[in-house]
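The values are calculated or read from the model by the stated rules, or taken from the named source; none is laboratory data. Every value quoted in this text rests on a predicted model; they were computed, and no experiment measured them. Cβ coordinates were reconstructed from backbone atoms using ideal geometry, including for glycine residues, and neighbour counts include every protein chain displayed.
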Amino acid sequence: MTTNKKWFIALLFILLILATGCSSGIKQAKKSDQDITIFVASDIHYLAKELNDNGEAFQKYMSTSDGKLLHYIDEITDAFVKDVIQEKPEVLIISGDLTNNGEKESHLELAKKLASIEQSAGTKIYVIPGNHDILNPWARGFQGTEQYVTDMIGAEDFEKIYHDFGYSEAISRDKTSLSYLTAPSKDLWLLMLDTSIYDFNELIGSPMTNGEIDSETLLWMKECSEKAKKENARILTVMHHNLFDHSEILNKGFTLDNQEEALEVFKESGLNLVLSGHIHVQNIKSSEDDNPVYDIVTSSLGVNPVQYGVLEFEASKGFDYSTARVDVEGWAKETGVEDKNLINFTKYSKDYYSEASLHRAYESLSDVTGYTEEERNLMAETMSLLNSNYFAGTVDSIRNEVLASKGYQLWEAADPSLFTKNYILSMAEAGKSSQNTLTLR
Ligand code: FE
Ligand code: MN
């Protein structure tokens, strides 16, 4: 063999190694293509800064609120945007109630913030409307001592404003609602369902809480699942309303009106995982059979502990769901704001919710008679502790402590016809398992 030939063979050898190296590189890239991380936020209830001067009217409005941190929603949303840009998930889903009461200004501002995520992180964003977002007669701004009527939006505006966040990437559109099908990856498709009913809002003067999937949309869902089957893709379903009752007490208007009919289609079509919102409680429920359908409710981003869901998908394995909290403190540090509440947001947000919760507990005790002052205090404290943890999906972490407490025992022995008693017992029941994690194989 000549030296030239030897060199030639050595060169071939090197090329072969390089080629193998390359191909394994491609394989690796392909593998990570199949693994996708999805962030899911729900019920942001964003209120544009321009609509709120934080004056008397807004303070009054807040005093009747349900514990939402609406006065810091702009900061929470910015901190969330920062988290997403830092973590760069492949997909971000927002499952409805994007705005406080469907104000046009709030929609436009939020869309701007979402655009900044797509630009800096390349994350694909998909949204659907909730019952507060479209044709909402309650759209208001706050100035001084006055609330003023501000522009709302219609369904067509929603589609335009969120054109880049779902509607332009749809591979199929439902004809009767703002529902769409999209394929962020080859293996995992998203069925984004618009379950809100907004056509009668102006007539009744308020945003309708109830939701449903109408019969034409159900038919379209079946077509979508056929299409996915042909392409060997799995479908993850997203909707604002719940597929199951997540509370024995609070379910009217939260669970789909036509739950039974819808569940049949979910089962028939093999749609076994749903992400929903609306009830603001972090909670996971499934149908009780051999081939269960799961409905994961992610709690409101604007309510303590300001958390979002993280869903990891691996085509060969399945789904892993967990929650993460928005790093408001980190954002505050980075932006240098001086507001102490933002700097110590974890504690502030927890205390804010506990206080609101305690206030409501005393209110609901006002017509409960036959207890001493001390007993009423214990009962209120138990209710507040349960309530705070219930909305965060963390009752399991305090359940033993609660069950052993004097306050809980007083509730247990209370008149069975009391609404509050039944609510307390249902919250304790939810603590039997973790509502913040789920593994699906
Ligand atoms: Fe909501
Ligand atoms: Mn809602």
Next on the checklist: Show the residue pairs meeting these rules: Cβ distance below 9 Å; 6+ apart or different chains; first residue within the range 138-150 and assigned by TED's automatic domain parsing to the domain that holds HIS71; second residue part of a strand (DSSP E or B) and among the acidic types (Asp, Glu).
Outcome noted: ALA139/GLU103; ARG140/GLU103; GLY141/GLU103; THR150/GLU103
Item to check | Selection from the range 31-45 of residues that are at pLDDT 95 or above and either in contact with a His (Cβ under 8 Å, 6 or more places away or on another chain) or surrounded by fewer than 20 Cβ atoms within 10 Å (Cβ to Cβ) (or both) | outcome: ILE36, THR37, SER42, ASP43, HIS45
Checklist entry - Looking only at the range 100-131, which residues are surrounded by fewer than 23 Cβ atoms within 10 Å (Cβ to Cβ), over 18 Å from the mean Cα position of the chain (by Cα), within 16 Å of PHE158 (Cα to Cα) and touching a residue at least 40 places away in the same chain (Cβ under 8 Å)? => result LYS104, GLU105, LEU108, GLU109, ALA115
Checklist entry - On the given criteria, is GLU223 of a type outside the set (A, V, I, L, M), surrounded by fewer than 15 Cβ atoms within 10 Å (Cβ to Cβ) and closer than 25 Å to PHE319 by Cα? => result yes
Item to check | Residue satisfying condition, being modelled with pLDDT of 95 or more and farther than 25 Å from MET383 by Cβ, within set VAL328, VAL306 | outcome: VAL328
Checklist entry - Which pairs have Cβ atoms under 6 Å, sit 6 or more apart or on different chains, and link a residue in the range 169-186 that is more than 15 Å from GLU231 (Cβ to Cβ) to one that is among the basic types (Lys, Arg)? => result TYR180/ARG173
Checklist entry - Where residues in the range 85-99 are away from ligand 1 (no atom under 14 Å from the Cβ) and buried (at least 24 other Cβ atoms within 10 Å of the Cβ), which of them is farthest from GLU334 (Cα to Cα)? => result ILE93
Item to check | Lone unmet requirement of (1) within 16 Å of ligand 1 (Cβ to nearest atom); (2) more than 30 Å from LYS186 (Cβ to Cβ); (3) modelled with pLDDT of 95 or more for GLU260 | outcome: (1)
Next on the checklist: Exactly one of these conditions fails for ASN251: (1) closer than 25 Å to ILE36 by Cβ; (2) within 16 Å of ligand 2 (Cβ to nearest atom); (3) free of Cβ contacts under 8 Å to residues at least 60 places away in the same chain. Give me its number.
Outcome noted: (1)
Checklist outcome for this item: Counting only residues that are assigned to a helix (DSSP H, G or I) and of a type in the set (Gly, Ala, Ser), the range 59-83 contains a total of 2
Item to check | All positions within the range 267-297 that are within 16 Å of ligand 1 (Cβ to nearest atom), in contact with a Phe, Trp or Tyr (Cβ under 7 Å, 6 or more places away or on another chain) and more than 23 Å from SER397 (Cα to Cα) | outcome: HIS278
Next on the checklist: Step by step: first the residues of the range 180-211, then only those that are among the β-branched types (Val, Ile, Thr) and more than 16 Å from ligand 1 (Cβ to nearest atom), then the one that is farthest from ALA170 (Cα to Cα). Which residue is that?
Outcome noted: ILE204
Item to check | Residues that are away from ligand 2 (no atom under 16 Å from the Cβ), in contact with an Asp or Glu (Cβ under 6 Å, 6 or more places away or on another chain) and not β-branched (Val, Ile, Thr), drawn from the range 188-229 | outcome: TRP220
Next on the checklist: For the condition touching a residue at least 12 places away in the same chain (Cβ under 8 Å), buried (at least 23 other Cβ atoms within 10 Å of the Cβ) and either part of a loop (DSSP other than H, G, I, E, B) or not acidic (Asp, Glu) (or both), what is the one hit in LEU218, LEU191?
Outcome noted: LEU191
Item to check | Any pair with Cβ under 9 angstrom, 6 or more apart, that starts in the range 413-441 at a residue that is basic (Lys, Arg) and ends at one that is outside any helix (DSSP H, G or I) | outcome: LYS421/VAL368; LYS421/ALA414; LYS421/ASP415; ARG441/LYS317; ARG441/GLY318; ARG441/PHE319
